[in-house]
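The values are calculated or read from the model by the stated rules, or taken from the named source; none is laboratory data. What you see is a predicted model; the values in this text were computed from it and never measured. Cβ placement follows ideal geometry from the backbone for every residue including glycine, while neighbour counts extend to all protein chains displayed. Ligands, DNA and RNA are excluded from the accessible area calculation, which covers all protein heavy atoms including side chains. Shrake-Rupley method; radii C 1.70, N 1.55, O 1.52, S 1.80 Å.
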Amino acid sequence: MSLRQVAQGYTSNAGNIMVACVDKELVKSFFSNWKWINLGLVVSEQLCRLPKEQRKKMVADIVISAIKKTPSKNIVLENIDVLFSPEYSLDVIRTLQLAGKNKRLLVIWAGEYEDGVLTYAQPDYPDFHRYEVRSYGVCCITK
């Protein structure tokens with residue numbers, strides 16, 4: 001499925017989440033009419049208000065709340081890097097699936113997709129994450 005097809009309202013056969021491993025400006029050109037959420041900013045602002053010991057248990061709730069309270073059914077999520085912080089031990093894709101029930105989410109992914117596997121960061125980095133796409137039922141858009 002191409003970006004143009006998704007932007008024009010075609011549905012994905014892989015659930016409610018599409019992960020875009022492409023240039024953000026390209027995504028903007030096709031999805032300018034979708035609601036854009038700087039998820040990193042939203043999450044960071046809310047986490048800063050919490051005592052440090054509560055942040056780990058609240059991060060998923062903050063993500064879910066931010067997406068659910070957005071009235072649009074079509075949402076682009078950008079700047080999600082904070083979600084990969086090792087201190088949160090978060091399954092990012094699963095959290096986004098929970099948050100995006102009844103929504104179509106397009107996630108700008110600052111990582112790579114290869115051979116059915118999404119990665120974030122390099123294996124020797126503490127924030128490294130690896131996801132087998134078929135286990136999650138997400139659709140990946142790549143170059």
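Of the residues making up segment 48-65, not a single one is over 25 Å from Asp127 (Cβ atoms), at pLDDT below 95 and not polar (S, T, N, Q).
Residue-by-condition table, conditions (1) hydrophobic (A, V, I, L, M, F, W, C); (2) open to solvent by less than 80 Å² (accessible area, probe 1.4 Å); (3) not in a helix (DSSP H, G or I):
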| position | (1), (2), (3) |
| --- | --- |
| Gly40 | no, yes, no |
| Glu45 | no, no, no |
| Lys57 | no, no, no |
| Asp61 | no, no, no |
| Ile64 | yes, yes, no |
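For segment 82-126, give me each residue that is open to solvent by 40 Å² or more (accessible area, probe 1.4 Å) and in contact with an Asp or Glu (Cβ under 8 Å, 6 or more places away or on another chain). Residues satisfying the conditions are Pro86, Ala110. Name the single residue, out of those in segment 90-134 being among the aliphatic types (A, V, I, L, M) and touching a Cys at 6+ places or on another chain (Cβ under 9 Å), that is nearest to Val27 (Cα to Cα). Only one residue fits best here, namely Ile108. Among the residues of segment 66-83, those that are of a type outside the set (D, E, K, R) and either part of a helix (DSSP H, G or I) or under 15 Å from Leu106 (Cα atoms) (or both) comprise Ala66, Ile67, Thr70, Ser72, Asn74, Ile75, Val76, Leu77, Asn79, Ile80, Val82, Leu83. Considering only segment 84-96, I want to know if a residue exists there that is among the aromatic types (Phe, Trp, Tyr), part of a helix (DSSP H, G or I) and out of contact with any Lys or Arg (no Cβ under 7 Å at 6 or more places or on another chain). Looking through segment 84-96, at least one residue is among the aromatic types (Phe, Trp, Tyr), part of a helix (DSSP H, G or I) and out of contact with any Lys or Arg (no Cβ under 7 Å at 6 or more places or on another chain).
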